[in-house]
Amino acid sequence: MIADKIRSIRKIFILCVSIALLLWVFVPSAYRINIGPVVLVYPLILIWALFSNPAYSLFDAFTVQRAALDNLAYGHVRLWGSISFAITNFVLSLVIPKTGVEFNFYFYGAIFIVLVFCMLKVKGADAARSTEKTSFKSMGLGRVFKNYYYVTYLFFAVIVYLPMLTLMVFSPYLIVAVGGDTARFGLLNGCRALVEIPILLSMRKLRQKFPLPFILCGAAMLFSIEAFLYTGAQNFWHVFAIQIFHGAAAAIMIGAATNYVYSLAPKGLISTAHTVHAAVMSIAAITGNLLGGRLILDIGIFSYYRVIGIMLLSALAYFLLSIFVGIKILKKPLVPVQSV
């Protein structure tokens, strides 16, 4: 909201990342410090999340906005994140066993410094400013929730993200269940990210052929296939191969969801719309982790993935129904294909 108010996503992003950087590199030392009965690392991570979590949605909003302004394909820009993520996971999976997990905090701290420096150097990054003073009231923040397709998508996002985010979180339990070594977890992350690259490269062609909501339906279907395949996995390499579905679905969500939110956001509320979307993801992650952990204890990891598959198919059915209602009953046209 503040980024939209001052017409500068970049400045608020730099502020959030800078504060998160200072807190992040202090984490390895903080777990050794007690303040009464409280270990300092716990409140430190909470405060860190207060600034780092908004940074993710701000960065998405900034990237898709810049891609539109510069006539770039968003997927072609975003794929570099997948490339660096894949390389980092493969490298760290080799380095951390030798250096200890603390190295991870210092490594990403250095990356944050480079990121802030790059953002400071971006020219013409901010939206055109108005000479009139803008208040939160005059911005009309409620406009975000007056778009039928935006609101129905948020409900779809909750149903999808709730099980989808736990597909990754509980992967170590699955690795153990099939007799694998959890030290290989970084290989799974790297494989997922590599699969994202060709999908992100083809996102512009996909958007030219299909409306964004139907592309998102494809992601839900791929996630459900992934979940059902896990129920039959018998060793680590089975789990590794199934990452193809997760990587493809995640790439579709990255390329289509960000653009869909951007296309539905009211003028002047791009950051707010993206942050509401990110908040939905966070709520889904919290709920999914709590319920998922309980379910795994009660029914086991394989039955848990069967439940996830059913939830994802339910999300797909709901979203298709909401599109049908919007087009046929409410007579609301779908958003046009975006060029970013």
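The values are calculated or read from the model by the stated rules, or taken from the named source; none is laboratory data. These numbers come from a predicted model, not from an experiment. Reconstructed Cβ throughout: ideal geometry from the backbone, glycine too, with neighbour counts over all protein chains shown.
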Across (1) under 19 Å from CYS217 (Cα atoms); (2) over 22 Å from the mean Cα position of the chain (by Cα); (3) surrounded by 14 or more Cβ atoms within 10 Å (Cβ to Cβ), HIS238 clears everything bar (1)
When the range 189-202 is checked residue by residue, the ones that are of a type in the set (Gly, Ala, Ser) and either part of a helix (DSSP H, G or I) or surrounded by 20 or more Cβ atoms within 10 Å (Cβ to Cβ) (or both) are GLY190, ALA193
Residue set GLY190, GLY180, GLY247; condition of a type outside the set (Phe, Trp, Tyr) and within 20 Å of ILE310 (Cα to Cα); output residue GLY247
Return a yes/no flag: does the range 218-231 have any residue that is surrounded by 16 or more Cβ atoms within 10 Å (Cβ to Cβ), outside any helix (DSSP H, G or I), hydrophobic (A, V, I, L, M, F, W, C) and modelled with pLDDT of 90 or more.
no
Fill in: Meets criteria (crowded, with 18+ Cβ neighbours inside 10 Å and without any contact (Cβ under 8 Å) to a residue 40 or more places away in the chain) for PHE245
yes
Quiz item: Any residue in the range 165-184 that is touching a residue at least 12 places away in the same chain (Cβ under 8 Å), of a type outside the set (S, T, N, Q), in a helix (DSSP H, G or I) and within 22 Å of TYR318 (Cβ to Cβ)?
Solution: yes
Restricting the range 202-214 to residues that are modelled with pLDDT of 85 or more and of a type in the set (A, V, I, L, M), the one nearest to TRP80 (Cα to Cα) turns out to be LEU206
Taking the range 281-312 and the residues there that are more than 17 Å from the chain's Cα centre (by Cα), of a type in the set (Gly, Ala, Ser) and part of a helix (DSSP H, G or I), the one that is farthest from ALA257 (Cα to Cα) would be SER303
Scanning the range 259-306 residue by residue, those free of Cβ contacts under 8 Å to residues at least 24 places away in the same chain and basic (Lys, Arg) turn out to be LYS267, ARG294
Of those in the range 168-188 that are closer than 27 Å to ALA279 by Cα and at pLDDT 80 or above, the residue surrounded by the fewest Cβ atoms within 10 Å (Cβ to Cβ) is VAL169
Residue hits (the range 55-82; exposed (fewer than 15 other Cβ atoms within 10 Å of the Cβ) and either part of a helix (DSSP H, G or I) or in contact with a Lys or Arg (Cβ under 7 Å, 6 or more places away or on another chain) (or both)) are LEU69, TRP80
Subset of the range 144-162, residues buried (at least 20 other Cβ atoms within 10 Å of the Cβ) and either within 23 Å of ASN89 (Cα to Cα) or without any contact (Cβ under 8 Å) to a residue 40 or more places away in the chain (or both), comes to TYR161
Restricted to the range 308-340 and to residues being crowded, with 17+ Cβ neighbours inside 10 Å and β-branched (Val, Ile, Thr), the residue nearest to LEU154 (Cα to Cα) is ILE323
The number of residues in the range 84-98 that are hydroxyl-bearing (Ser, Thr, Tyr) and either at pLDDT 80 or above or over 16 Å from ASP181 (Cα atoms) (or both) is 2
